[in-house]
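Peer 1: Take this structure, written in structure tokens, and hold onto it; I'll ask about it next.
The values are calculated or read from the model by the stated rules, or taken from the named source; none is laboratory data. Because the structure is predicted, anything quoted here is derived from the model rather than measured. As a convention, Cβ positions derive from the backbone with ideal geometry for all residues, glycine included, and neighbour counts pool all protein chains shown.
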Amino acid sequence: MAFSVPASLEAELDELTTHYPVKRSASLMYLHALQEHFGFISPEAIAWTARKLDLQPINVYELVTFYPMFRQEPLGKTQIKVCRTLSCALAGSGALRDHYCKKLGLDPHKHVPQTTPDGKYTVEFVECLADCGNAPVVMVNDDLRGKVSLAEADRVLTQ
Amino acid sequence: MAEQFKLVLKNADSPGYTPDMECYLKHGGYQALRKALATAPRDLPDGKKLSPQEVIRDDVKASGLRGRGGAGFSAGLKWSFVDRRSGKPIYLICNADESEPGTFKDRQILHKDPHQLIEGMVISCWANDVKLAYIYIRGEMPHGARILNQALREARAKGFLGKNILGVGYDLEIHVHRGAGAYICGEETGLIESLEGKRAYPRIKPPYFPAVLGLYMCPTIVNNVETLAAVKHIVEMGPVNYAKLGTPNNTGTRLVSLSGDVQKPGYFEIEVGKVTLGQLINDANFGGGLKPGRTLKAVIPGGSSSKVLKAGEVFKLKRKGADGQMTTVDVPLLDLPYDFDSLQAAGSMSGSGAIIVLDDSRSMVETLANLSEFYAHESCGQCTPCREGALWLAKGTHRLSHGEGRKVDAEYLLHIAQNIQGRTICAFGEAAAWPVLSFVKKFREEFEAHGAAAEAARKNSTSAGTHQH
Ligand SMILES: Cc1cc2nc3c(=O)[nH]c(=O)nc-3n(C[C@H](O)[C@H](O)[C@H](O)COP(=O)(O)O)c2cc1C
Ligand code: SF4
Ligand code: FES
């Protein structure tokens, strides 16, 4: 299927571009919007962003490889980010992550995002999510969940 | 008993409070902005005249407000460094990256009381002749970004933002910019590069001080969310009253994030220096003490980058006596007032106001391995000592904590950390080195014992191996 950005999204991004005196500044916001729409950042999305912002594709590509939130392949429908950092580790986030990996047949030793073959879930170990008082913290798509027990962790998988 | 003092979070945490404009206005919202815009010029004793904007800048200086993002630098002084003669536009950026591990206080303001931040920003922008400002919010706060955008729309509709604000002929736009998951975007020059649409590679200072060569090489102010929110209160209550809160040189209130091994982790607002570390950890009003049967082992007092403090440590602090003379007094760890100067005098820092408590069930080796992995992951990679050193620290602590280390690893870790600090473009180098230096120096026996045990185990297994032959 040919890469195509819906007119409404393009209009939204054109408006965003006006927020900055220098177009290049808008590139992170473009990548967020494109990732939200397409699920990941494809080479076509990089080329499109570069064209829109008068950049070389490499200027956009180097952002995709630098910022951990950008993905170059489709992820699962439900994205589970388990916080790895100290306060959450003290509260047992390692066990949470192992639990998810075991249940979903993923490798608990890998920190990078791993997706189940059926494309339903992606599990990732991420750094501090700035909610350490509610450790252990898990982010499910856009939503944070705090003080996550193993039972609560399972509920994420059955919803 | 020590208590919280709610100023910045007074409304946010009151029952039924919502983040919309209507609720904010009902709670006296945007009155401080009206007051600021109506500021009269001020005559100084030396015959000089301050413009209304200069009056606000002067008031912020007089309030004693110190940056809440990490370094605790005087906000008024920072503003006074802005190059106002360059003819270039001046930008203001609110640092809402909140990425220092252990910190979760800006999140409270951003999500629950966005208008308070916006009001503080509009006042700060007006006082500094800023026409365009940004809120750089970390990528993992998508709801926060939506809430801010909604609040900005409401502020525009009410004439608190946009063209000709409240009819005084002042124009200002504020936009939300989202990060994308890199800790280094919290460092102000990395943040600026990121806002320019590049990798968040920090810039070297000098020459790239934001106040002179910041965003688009124009003078730029970068302030933390909590710092900008405090500006609203300084205007509202006046700098003298604001400075009465807290303690001398450590004025106002501060949001403290408490996590780790306490009964009641959470965030608290205190008058700076009016509550001690021990009260924050143990009082029923705050952390509620350690878990049953546990004793304190160590405290990380100001975010993961701050140097760890060991239970039982006693620090020499300078105090002004009743007679005005400075004397040196011994202050035990738990009696340290939680403020900028006391924590610094104790050899650490209050940093981002994040306290992580460790009890006697914790291995310092494992704890440091966790932190070092964070820094290895987050180094931006520009400077060799940081990029390579942070990785070596992570590998060294990892092998120690996995029973594969050596006794000399303690020394090896110190050596690496010493060769990172002071040799890098940005303060991330120190942030990666300080935990290592302090953990290993203060808990050396534990690190060496881990290494020695691993060596002994290896020796046993090789001699067992020879036996079989
Ligand atoms: C590695 C590193 C990470 C930082 N992260 C943050 C952050 O997440 N939020 C923040 O406000 N300041 C952070 N800072 C401090 C900023 O560079 C800057 O000093 C601060 O935003 C200034 O605001 P203030 O003067 O109001 O504190 C960080 C600094 C370093 C060196
Ligand atoms: S000290 Fe580390 S994070 Fe800072 S610029 Fe150098 S490599 Fe990047
Ligand atoms: S350490 Fe997990 S949210 Fe901060």
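Peer 1: In the stretch B:199-221, what residues are more than 16 Å from ligand 2 (Cβ to nearest atom), away from every other protein chain (no Cβ under 14 Å) and surrounded by fewer than 24 Cβ atoms within 10 Å (Cβ to Cβ)?
Peer 2: Residues satisfying the conditions are B:A211, B:V212, B:L213.
Peer 1: Right, here's the next one. Would you check if B:K291 is touching a Phe, Trp or Tyr at 6+ places or on another chain (Cβ under 6 Å), touching a residue at least 24 places away in the same chain (Cβ under 8 Å) and either surrounded by fewer than 16 Cβ atoms within 10 Å (Cβ to Cβ) or of a type in the set (D, E, K, R) (or both)?
Peer 2: Working: touching a Phe, Trp or Tyr at 6+ places or on another chain (Cβ under 6 Å): no; touching a residue at least 24 places away in the same chain (Cβ under 8 Å): yes; either surrounded by fewer than 16 Cβ atoms within 10 Å (Cβ to Cβ) or of a type in the set (D, E, K, R) (or both): yes.
No.
Peer 1: Looking only at the stretch A:66-79, decide whether some residue is more than 12 Å from every other protein chain (Cβ to nearest Cβ), of a type in the set (G, A, S) and within 30 Å of A:A135 (Cβ to Cβ). Before the answer, list the steps.
Peer 2: Going through the stretch A:66-79, the residues more than 12 Å from every other protein chain (Cβ to nearest Cβ) turn out to be A:72-78.
Those left that are additionally of a type in the set (G, A, S): A:76.
From what is left, the residues that are within 30 Å of A:A135 (Cβ to Cβ) are A:76.
Yes.
Peer 1: Among the listed residues B:K78, B:K131, B:K88, identify the single one that is out of contact with any His (no Cβ under 7 Å at 6 or more places or on another chain) and more than 24 Å from B:P207 (Cβ to Cβ). Break it down into steps so the answer makes sense when it comes.
Peer 2: Working: B:K78 fails: more than 24 Å from B:P207 (Cβ to Cβ); B:K88 fails: more than 24 Å from B:P207 (Cβ to Cβ).
Only one candidate passes the filter, namely B:K131.
Peer 1: Confirm whether A:G133 is farther than 23 Å from B:A180 by Cβ, away from ligand 2 (no atom under 16 Å from the Cβ) and buried (at least 24 other Cβ atoms within 10 Å of the Cβ).
Peer 2: Considered against the rule, which asks whether it is farther than 23 Å from B:A180 by Cβ, away from ligand 2 (no atom under 16 Å from the Cβ) and buried (at least 24 other Cβ atoms within 10 Å of the Cβ), A:G133 comes out as yes.
Peer 1: For A:C132, which of the numbered conditions (1) in contact with a Phe, Trp or Tyr (Cβ under 7 Å, 6 or more places away or on another chain); (2) more than 14 Å from chain B (Cβ to nearest Cβ); (3) of a type outside the set (V, I, T) fails to hold?
Peer 2: Condition not satisfied by A:C132: (2).
Peer 1: Taking only pairs six or more apart or across chains, which ones have beta-carbon atoms under 7 Å, a first residue in the stretch B:186-207 that is of a type in the set (A, V, I, L, M, F, W, C), and a second residue that is part of a helix (DSSP H, G or I) and crowded, with 24+ Cβ neighbours inside 10 Å?
Peer 2: Partner pairs satisfying both residue conditions: B:L191/B:C185; B:I192/B:L215; B:L195/B:L215; B:A200/B:I184; B:A200/B:C185; B:A200/B:G190; B:A200/B:L191; B:A200/B:S194.
Peer 1: Scan the stretch B:5-23 for residues that are farther than 25 Å from B:K158 by Cβ and buried (at least 19 other Cβ atoms within 10 Å of the Cβ) and report the count.
Peer 2: Selection size over the stretch B:5-23: 1.
Peer 1: If you don't mind, another one. Mind telling me which of the residues B:S51, B:S86, B:S63 ends up being more than 16 Å from ligand 3 (Cβ to nearest atom) and free of Cβ contacts under 8 Å to residues at least 24 places away in the same chain?
Peer 2: Working: B:S86 fails: free of Cβ contacts under 8 Å to residues at least 24 places away in the same chain; B:S63 fails: free of Cβ contacts under 8 Å to residues at least 24 places away in the same chain.
Of B:S51, B:S86, B:S63, the one residue that is more than 16 Å from ligand 3 (Cβ to nearest atom) and free of Cβ contacts under 8 Å to residues at least 24 places away in the same chain is B:S51.
Peer 1: Same structure again: Does the stretch B:152-174 contain any residue that is under 18 Å from the mean Cα position of the chain (by Cα) and in contact (Cβ under 8 Å) with a residue 40 or more places away in the chain? Before the answer, list the steps.
Peer 2: Start the filter on the stretch B:152-174 by keeping residues that are under 18 Å from the mean Cα position of the chain (by Cα), which leaves none.
No, the stretch B:152-174 contains no residue that is under 18 Å from the mean Cα position of the chain (by Cα) and in contact (Cβ under 8 Å) with a residue 40 or more places away in the chain.
Peer 1: Here is a further query. Go through the stretch B:172-198 residue by residue and tally those that are more than 10 Å from chain A (Cβ to nearest Cβ) and β-branched (V, I, T). Walk me through how you get there before you give the answer.
Peer 2: Taking the stretch B:172-198 as the starting set, the residues that turn out to be more than 10 Å from chain A (Cβ to nearest Cβ) are B:172, B:186-193.
Then keep just the ones that are β-branched (V, I, T); that gives B:189, B:192.
Number satisfying all stated conditions: 2.
Peer 1: What pairs can you find where one residue is in the stretch B:422-434 and modelled with pLDDT of 95 or more, the other is assigned to a helix (DSSP H, G or I) and within 16 Å of ligand 3 (Cβ to nearest atom), and their Cβ atoms are less than 6 Å apart, with a gap of 6+ or different chains?
Peer 2: From residues that are modelled with pLDDT of 95 or more, the pairs are B:A432/B:Y375.
Peer 1: Hey, another quick one. Would you confirm, using the coordinates I've provided, whether A:V156 is within 14 Å of another protein chain (Cβ to nearest Cβ), β-branched (V, I, T) and surrounded by fewer than 18 Cβ atoms within 10 Å (Cβ to Cβ)?
Peer 2: Working: within 14 Å of another protein chain (Cβ to nearest Cβ): no; β-branched (V, I, T): yes; surrounded by fewer than 18 Cβ atoms within 10 Å (Cβ to Cβ): yes.
So A:V156 fails the test.
Peer 1: Now for a different question. Quick check on my filter: what residues within the stretch B:1-24 are over 25 Å from the mean Cα position of the chain (by Cα) and touching a residue at least 60 places away in the same chain (Cβ under 8 Å)?
Peer 2: Once the filter is applied, which keeps residues that are over 25 Å from the mean Cα position of the chain (by Cα) and touching a residue at least 60 places away in the same chain (Cβ under 8 Å), the stretch B:1-24 yields B:M1, B:Y17, B:D20, B:M21, B:Y24.
Peer 1: A further question follows. Among B:K310, B:K320, B:K297, which is the only one that is of a type in the set (K, R) and buried (at least 21 other Cβ atoms within 10 Å of the Cβ)?
Peer 2: B:K297
Peer 1: Taking the residues in the stretch B:175-185 that are touching a helix residue (DSSP H, G or I) at 6+ places or on another chain (Cβ under 9 Å) and without any contact (Cβ under 8 Å) to a residue 60 or more places away in the chain as candidates, determine which candidate is nearest to B:E430 (Cα to Cα).
Peer 2: Filtering the stretch B:175-185 for residues touching a helix residue (DSSP H, G or I) at 6+ places or on another chain (Cβ under 9 Å) gives B:175-180, B:182-185.
Retained after the next criterion (residues that are without any contact (Cβ under 8 Å) to a residue 60 or more places away in the chain): B:175-178, B:180.
On the way: B:H175: 32, B:V176: 30, B:H177: 27, B:R178: 26, B:A180: 23 Å.
For the stretch B:175-185, the residue satisfying everything is B:A180.
Peer 1: Looking for something under 18 Å from A:T17 (Cα atoms), of a type in the set (D, E) and not in a loop (DSSP other than H, G, I, E, B) - is there at least one such residue anywhere in the stretch B:179-196?
Peer 2: Checked against the condition, which is being under 18 Å from A:T17 (Cα atoms), of a type in the set (D, E) and not in a loop (DSSP other than H, G, I, E, B), the stretch B:179-196 yields at least one hit.
Peer 1: Pull up the stretch B:297-328, narrow it to residues that are more than 24 Å from the chain's Cα centre (by Cα) and of a type in the set (A, V, I, L, M), then point me to the one that is farthest from B:I356 (Cα to Cα).
Peer 2: Filtering the stretch B:297-328 for residues that are more than 24 Å from the chain's Cα centre (by Cα) and of a type in the set (A, V, I, L, M), the one farthest from B:I356 (Cα to Cα) comes out as B:A322.
Peer 1: A follow-up question, please. For the stretch B:333-359, what are the residues that are within 13 Å of chain A (Cβ to nearest Cβ) and surrounded by fewer than 24 Cβ atoms within 10 Å (Cβ to Cβ)?
Peer 2: Filtering the stretch B:333-359 down to residues within 13 Å of chain A (Cβ to nearest Cβ) leaves B:352-359.
Of everything in the stretch B:333-359, those that are within 13 Å of chain A (Cβ to nearest Cβ) and surrounded by fewer than 24 Cβ atoms within 10 Å (Cβ to Cβ) turn out to be B:L358, B:D359.
Peer 1: Please find, within the stretch B:148-171, the residue that is farthest from A:N141 (Cα to Cα) out of those that are surrounded by 21 or more Cβ atoms within 10 Å (Cβ to Cβ) and within 14 Å of chain A (Cβ to nearest Cβ).
Peer 2: Top of the filtered list is B:L161.
Peer 1: May I ask you to say which residue of A:L104, A:L86, A:L144 is within 14 Å of chain B (Cβ to nearest Cβ), more than 16 Å from ligand 1 (Cβ to nearest atom) and aliphatic (A, V, I, L, M)?
Peer 2: Details: A:L104 fails: within 14 Å of chain B (Cβ to nearest Cβ); A:L86 fails: more than 16 Å from ligand 1 (Cβ to nearest atom).
Answer to the check: A:L144.
Peer 1: From the list B:Y201, B:Y208, B:Y242, which residue is hydroxyl-bearing (S, T, Y), in a helix (DSSP H, G or I) and away from ligand 3 (no atom under 16 Å from the Cβ)?
Peer 2: Numbers: B:Y201 fails: in a helix (DSSP H, G or I); B:Y208 fails: in a helix (DSSP H, G or I).
Going through B:Y201, B:Y208, B:Y242 in turn, just one is hydroxyl-bearing (S, T, Y), in a helix (DSSP H, G or I) and away from ligand 3 (no atom under 16 Å from the Cβ): B:Y242.
Peer 1: While we're here: Does the stretch B:260-268 include one or more residues that are under 30 Å from B:V357 (Cα atoms), polar (S, T, N, Q), away from ligand 1 (no atom under 16 Å from the Cβ) and not assigned by TED's automatic domain parsing to the domain that holds B:A145?
Peer 2: Taking the stretch B:260-268 and keeping what is under 30 Å from B:V357 (Cα atoms), we get B:260-268.
Applying the additional criterion that residues be polar (S, T, N, Q) yields B:263.
Then drop every residue that is not away from ligand 1 (no atom under 16 Å from the Cβ), which leaves B:263.
Those still in the list that are not assigned by TED's automatic domain parsing to the domain that holds B:A145 too: B:263.
Within the stretch B:260-268, one or more residues are under 30 Å from B:V357 (Cα atoms), polar (S, T, N, Q), away from ligand 1 (no atom under 16 Å from the Cβ) and not assigned by TED's automatic domain parsing to the domain that holds B:A145.
Peer 1: Moving on to the next point. Is there a residue in the stretch B:97-108 that is more than 19 Å from the chain's Cα centre (by Cα) and not β-branched (V, I, T)? Talk me through it step by step, then tell me what you get.
Peer 2: The first filter runs over the stretch B:97-108 and keeps only residues more than 19 Å from the chain's Cα centre (by Cα), leaving none.
The answer is no, given that none of the residues of the stretch B:97-108 is more than 19 Å from the chain's Cα centre (by Cα) and not β-branched (V, I, T).
Peer 1: In the stretch B:125-134, is there at least one residue being more than 10 Å from every other protein chain (Cβ to nearest Cβ), within 12 Å of ligand 1 (Cβ to nearest atom), touching a residue at least 60 places away in the same chain (Cβ under 8 Å) and buried (at least 24 other Cβ atoms within 10 Å of the Cβ)? Before you say what the answer is, go through the steps one by one.
Peer 2: Within the stretch B:125-134, the subset more than 10 Å from every other protein chain (Cβ to nearest Cβ) is B:125-131, B:133.
Subsequent filtering for residues that are within 12 Å of ligand 1 (Cβ to nearest atom) retains none.
Taking every residue of the stretch B:125-134 in turn, none turns out to be more than 10 Å from every other protein chain (Cβ to nearest Cβ), within 12 Å of ligand 1 (Cβ to nearest atom), touching a residue at least 60 places away in the same chain (Cβ under 8 Å) and buried (at least 24 other Cβ atoms within 10 Å of the Cβ).
Peer 1: Every residue in the stretch B:83-98 that is part of a loop (DSSP other than H, G, I, E, B) and surrounded by 24 or more Cβ atoms within 10 Å (Cβ to Cβ), please. Reasoning before the result, please.
Peer 2: Pass one, the stretch B:83-98, residues part of a loop (DSSP other than H, G, I, E, B): B:83-89, B:97-98.
Hits for the stretch B:83-98 are B:D97, B:E98.
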